[in-house]
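Below is one structure. I have some questions about it.
The values are calculated or read from the model by the stated rules, or taken from the named source; none is laboratory data. None of these values were measured; they are calculated from a predicted model. Backbone-built Cβ (ideal geometry, glycine too); neighbour counts: all protein chains shown. Areas reflect the complete protein model, heavy atoms only, side chains present, ligands, DNA and RNA absent. Shrake-Rupley method; radii C 1.70, N 1.55, O 1.52, S 1.80 Å.
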Amino acid sequence: MRLKDKVILVTGSTTGIGEGMVRLFGEQGATVVVQGTREDAAKALAAELKAKKITASYVIGGLDDPSVPAKIIKHVIDTHGRIDGLVNNAASMTRSNLETTDLATFDRTVAINLRAPLMLIQAAWPHFKKQGGGRVINIGSINGYCGENNQLAYSMTKGALITMTRNLADAYGAEGLRVNL
């Protein structure tokens, strides 16, 4: 029960790695917040976790909307009274290259993969600070280091996410904020 009494939000947690994380964190005693864009999936997962005696809630919102990150953090605080951990897992993995990366594709990928994690951390920071610290895990990708020929925008955002992670870890570590990949 390493995570007993911790409240952890995992973005993009209705499927895949994010779903696995909320299950694991819940089994370790954490209160988990499921986030996604499909209410049916989020609601079903939260209900399944609750049936296993895991405290869980869910929040719906598309991270391409700049107003959503603050609303998500507000939900966590309003529902659970605190936030101890944030996992920026959600990502848009649109396939594109130099010739096919149009402005709409680029902007949406940046919004979800880079802007939303920053805005979520910004919204959570006052709560982390008040509590004496917090933890952030940003889910990166090997493509952030080397790219892939059909994932130009995705690879660019993951490279920037890696840099943001290092910057925040260096700048705020002494204030109790741990930021890791």
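Considering only the stretch 40-48, I want to know if a residue exists there that is within 30 Å of residue 176 (Cα to Cα), free of Cβ contacts under 8 Å to residues at least 40 places away in the same chain and either in a strand (DSSP E or B) or open to solvent by less than 20 Å² (accessible area, probe 1.4 Å) (or both).
Yes, the stretch 40-48 contains a residue that is within 30 Å of residue 176 (Cα to Cα), free of Cβ contacts under 8 Å to residues at least 40 places away in the same chain and either in a strand (DSSP E or B) or open to solvent by less than 20 Å² (accessible area, probe 1.4 Å) (or both).
For residue 31, state whether it is over 18 Å from residue 90 (Cα atoms) and touching a helix residue (DSSP H, G or I) at 6+ places or on another chain (Cβ under 6 Å).
yes
How many residues does the stretch 53-67 hold that are open to solvent by 20 Å² or more (accessible area, probe 1.4 Å) and among the polar types (S, T, N, Q)?
Adding up the residues that qualify gives 2.
Table: residues versus (1) touching a Phe, Trp or Tyr at 6+ places or on another chain (Cβ under 9 Å); (2) surrounded by fewer than 19 Cβ atoms within 10 Å (Cβ to Cβ); (3) assigned to a helix (DSSP H, G or I).
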| residue | (1), (2), (3) |
| --- | --- |
| 69 | no, no, yes |
| 73 | no, no, yes |
| 76 | no, no, yes |
| 79 | no, yes, yes |
| 86 | yes, no, no |
| 93 | yes, yes, no |
| 101 | no, yes, no |
| 104 | no, yes, yes |
| 108 | no, yes, yes |
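Among (1) surrounded by 13 or more Cβ atoms within 10 Å (Cβ to Cβ); (2) free of Cβ contacts under 8 Å to residues at least 24 places away in the same chain, there is one condition residue 28 misses while meeting the rest; what is its number?
(2)
Right, next: Restricting to the stretch 135-181, and then to whatever is among the small types (Gly, Ala, Ser) and either touching an Asp or Glu at 6+ places or on another chain (Cβ under 7 Å) or not in a helix (DSSP H, G or I) (or both), can you tell me which residue is nearest to residue 92 (Cα to Cα)?
Ranking the qualifying residues of the stretch 135-181, first place goes to 155.
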